[in-house]
Amino acid sequence: MLTGIDLQILRSEMVAIVGPSGCGKTVLLKHIMGTLNPDRGSVSVADHEQPGSPLMNLADLPEERMDEIRIHWAVVFQRNALFGGTVFENLALWPREIKRMPDDEILPRAIQALRDVGLNPDQVLQTKRESLSGGMAKRVAIARALVMNPLLILYDEPTSGLDPVAGAQIHDLIARTHEVRTDANIARTSIIVTHDTELLRRLRPRIVMLSEGRVYFDGSFDQFIASELVLIRPYVHQMPLLHERRHE
């Protein structure tokens with residue numbers, strides 16, 4: 001349950017949403033995506049189908065207009081949400097269903113997306129989902145997001161279940177993906193729900209911490225690690241190289 005959330009995320013920002021289990025992180029993500037509607041207040045998002053990308057209240061939009069807005073979004077789910085089939089079939093799903101693209105147009109996008117996430121298209125394009133390791137599956141999930149050329153990428157616990165090496169690779173991939181502009185040369189926005197303190201240390205995003213459904217902290221990484229707020233200190237203590245990195 002969320003209470004009194006007041007939050008603005010600007011284009012090109014990388015924002016990490018953190019907090020203890022049950023604090024409302026996933027609920028907030030679902031409100032941003034429009035799969036949940038607030039009992040009070042509103043959620044407004046940029047409508048990139050209109051000149052100037054005006055803000056639109058999600059509650060005022062019929063489902064057809066929501067579909068048009070969601071064309072510019074992509075979601076990387078906690079458990080990847082890959083279905084049975086080949087890597088190409090997974091990457092082709094959304095372009096086929098949402099953008100009505102034929103496979104001959106999807107294929108070069110899929111190849112480039114796999115290269116962008118550090119996978120060899122010749123080796124994995126026809127690989128079945130069941131043959132992918134955890135780290136490879138996460139890369140494919142991010143490649144599936146990139147195929148849509150999104151302006152906004154939403155990550156739900158992107159390193160959950162990965163070992164530290166694979167997790168570090170995903171950190172780097174999120175950073176690279178965030179920096180790459182869209183085909184229209186528009187800066188990309190990334191929103192990451194995470195428990196991963198190493199992700200915070202390495203990527204240094206703007207951090208929004210929730211507690212009991214409210215915004216407990218909202219600020220830069222440097223402000224986060226300097227804070228003496230009681231709920232933040234355990235996060236800081238899990239970053240062993242923090243003080244060395246701050247000194248550098």
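No value in this document is a laboratory result; all are computed from the given coordinates. Nothing here was measured: the structure is a model prediction, and the numbers come from that model. Positions of Cβ are generated from backbone atoms using ideal geometry, with glycine treated the same way; all protein chains shown enter the neighbour counts.
Numerical summary
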quantity	calculated
Candidates LEU61, LEU154, LEU114, ranked by Gaussian network fluctuation over the chain, Cα under 10 Å, top entry	LEU61
Inter-centroid distance (Cα atoms) of the stretch 3-32 relative to the stretch 152-209, Å	14
Charge sum, other residues only, whose C-beta stays under 15 Å from VAL87's C-beta, Lys/Arg counted +1 and Asp/Glu -1	+3
Residue-averaged [θ]222 nm for the chain, counting only DSSP H segments that reach four residues, each worth -39500 (n - 2.57)	-11500 deg cm²/dmol
Compactness relative to 2.2 N^0.38 Å, alpha carbon Rg of the stretch 98-145	1.13
Cα gyration tensor category, rounded, prolate or oblate, for the stretch 101-248 with a/c compared to 1.5	prolate
GNM result for the chain, Cα springs below 10 Å: residue of SER42, SER53, SER21 fluctuating most strongly	SER53
From phi via Karplus (6.51, -1.76, 1.60), per-residue ³J(HN,Hα) for the stretch 5-12 in Hz, x at Gly/Pro	6, 10, 9, 10, 10, 9, 4, 6
Percent antiparallel among DSSP beta bridges (both partners in the chain, rounded to 5)	35
Cα-based reach from LYS128 at 29 Å (exclusive), listing lysines while leaving out same-chain residues under 8 positions away	LYS99, LYS138
Low-density loop positions, trypsin sites (Lys or Arg not before Pro), the stretch 1-106 - DSSP coil, at most 16 other Cβ in 10 Å	ARG11, ARG40, ARG79, ARG100
Gain in span if fully extended, SER211 to SER44, counting 0.36 nm per residue against the direct Cα distance	57.9 nm
Helical segments meeting 15 Å axial Cα length and Kyte-Doolittle -1.0 threshold in the chain (DSSP H)	87-99, 103-116, 134-147, 164-179
Neighbour-count ranking [beta-carbon atoms within 10 angstrom, fewest first] of VAL27, VAL208	VAL27, VAL208
Prolate/oblate/rounded label for the chain (Cα gyration tensor, a/c 1.5)	oblate
